[in-house]
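> My questions all concern the structure below.
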Amino acid sequence: MSTVRIFDHAWIQVIQFNLDMADIDSYLDSSPPGSPIPDFRDSEEANLPQNSASHTPSSQLPGSERSHQLAATTVIVCPDMGHFAIALSRNLGLKAGAHEELIKFSRFPNTSEAMVWQAGQILSLKETMAVIQPPNAKFEIPEVLEVWNCFSGLPMLTIFLDPTLSAYKDHPNKKLHNALKNRAAESGLTQSIQGQKSAMKVIGKKISNRFIHHRNDAKEAIAMSFGEFDEKTGKFTGLSLGVIALTAEIITAVGGRSYEHDISVPLVGRIAFLWHTYALCPKNNSTGRVSGMYWDEVDKALDKIRKSKNNDKT
């Protein structure tokens with residue numbers, strides 16, 4: 001049975017009980033004076049001897065005294081809510097934890113506490129139902145997260161162009177995930193989205209794909225900076241870019257022409273390192289291009305430098 005059906009069935013039981021109680025109230029209100037009042041006490045209590053020492057039939061009393069006696073002595077004993085809760089729990093097939101919660105609810109001394117508890121449970125269920133999706137439903141990234149994540153440059157491009165980035169294959173993804181979580185109110189990565197594995201998988205793939213594009217764009221800019229490759233001589237000819245111009249090209253390649261980013265000395269130094277690593281990598285004899293393992297070589301070189309400097313980030 002689905003969560004929605006269980007929820008609906010439970011409320012049907014509660015509503016039916018309330019209707020039954022409403023019928024009792026209606027019966028009491030419509031009964032003429034002196035009519036017998038249903039006794040809902042347990043059978044043992046109902047069979048106890050009644051105290052009739054000074055009992056006078058209400059039909060023999062004057063009207064005002066009869067009404068006063070009914071108001072003073074009539075006690076309506078409601079059905080045992082504990083028994084009703086147990087029966088409802090069994091009917092719904094509640095597990096042990098939910099069964100105990102229902103029994104606890106049935107023993108609240110007043111309706112105010114019961115209503116607050118009930119409201120809390122409904123709100124909790126509402127939050128749970130909000131994140132439940134059909135198993136084959138495709139998660140759509142919210143617009144605020146889409147824009148903040150992929151198109152505004154914050155913080156994806158800032159991470160990729162960070163001159164202290166320790167690796168380019170996996171670390172940018174992790175850093176962006178942490179940034180989105182730490183700034184959830186701004187990024188749109190709410191707690192409900194974080195709690196959905198399918199949603200986080202879609203977002204993770206989106207982030208990974210974007211960084212792959214950035215790496216490809218940066219690598220292409222580096223390759224073009226060497227000039228044209230002469231297959232006959234195996235050398236590059238024509239104009240080549242200096243490292244500062246290459247830095248500007250990479251910023252434009254990954255961020256677009258409208259994206260602005262400071263060309264700092266540390267960033268120029270990092271771009272020079274990327275260029276140098278590309279120059280050392282084996283190249284295709286016909287194209288002069290480095291294979292797809294370029295960024296693996298970059299990460300290995302960064303790791304080697306980091307270890308030689310005792311993990312000094314600078």
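All of the numbers you see were taken from the coordinates with simple rules; none came from a lab. As the structure is a prediction and not an experimental result, all values here were calculated from the model. So basically every Cβ, Gly included, is an ideal-geometry build from the backbone, and we count neighbours across all protein chains shown.
> Please sort by residue number the chymotrypsin sites (Phe, Trp or Tyr not before Pro) in the range 167-235 whose DSSP state is loop and whose Cβ has at most 14 other Cβ atoms within 10 Å.
Here no loop site has a sparse enough neighbourhood.
> Which pairs break 27 Å Cα to Cα here: 169/232; 175/197; 174/235; 175/201?
Beyond 27 Å between Cα atoms: 169/232; 174/235.
> Moving to a separate point now. How would the range 219-308 be classified by its alpha-carbon gyration tensor: rounded, prolate or oblate, with rounded meaning a/c under 1.5 and the a/b versus b/c comparison settling the rest?
Oblate, because a/c is 1.5 or more while a/b does not exceed b/c.
> Applying the Karplus parametrisation 6.51 cos²θ - 1.76 cosθ + 1.60 with θ = phi - 60° to the phi angles of the range 221-236, what ³J(HN,Hα) value in whole Hz is obtained for each residue in order, glycine and proline being reported as x?
Result, rounded to whole Hz: 5, 5, 4, 5, 5, 7, x, 8, 9, 9, 5, 5, 8, x, 10, 8.
> On to the next question. Sticking with the crude label model, points 7 Å out along Cα→Cβ, report the distance from residue 240 to residue 101 in nm, one decimal please.
Each label point is offset 7 Å from its Cα along the Cβ direction, giving 6.8 nm.
> Another one. Under 5 Å between amide hydrogens, which residues at least 5 positions from residue 236 or on another chain qualify, with H placed 1.01 Å from N in the peptide plane?
Excluding prolines and chain starts, which carry no amide H, the hits are 230.
> OK, next. Under the 0.36 nm per residue contour assumption, what length would be gained going from the current alpha-carbon distance of residue 224 and residue 258 to full extension?
10.1 nm
> Something else about it: What distance in nm lies between label points placed 7 Å from Cα along the C-beta direction at residue 265 and residue 183?
Spacing of the two 7 Å Cα→Cβ label points: 2.7 nm.
> Follow-up. How big is the charge dipole of the range 219-308 about its Cα centre, in debye rounded to the nearest 20, if each Lys and Arg gets +1 on its Cβ and each Asp and Glu gets -1 on its Cβ?
The dipole magnitude comes to about 280 debye.
> Here is a further query. To the nearest 0.05, how large is the calculated FRET efficiency for residue 194 and residue 158 if R₀ is 22 Å and r is the Cβ-Cβ distance?
Rounded to the nearest 0.05, the efficiency is 0.50.
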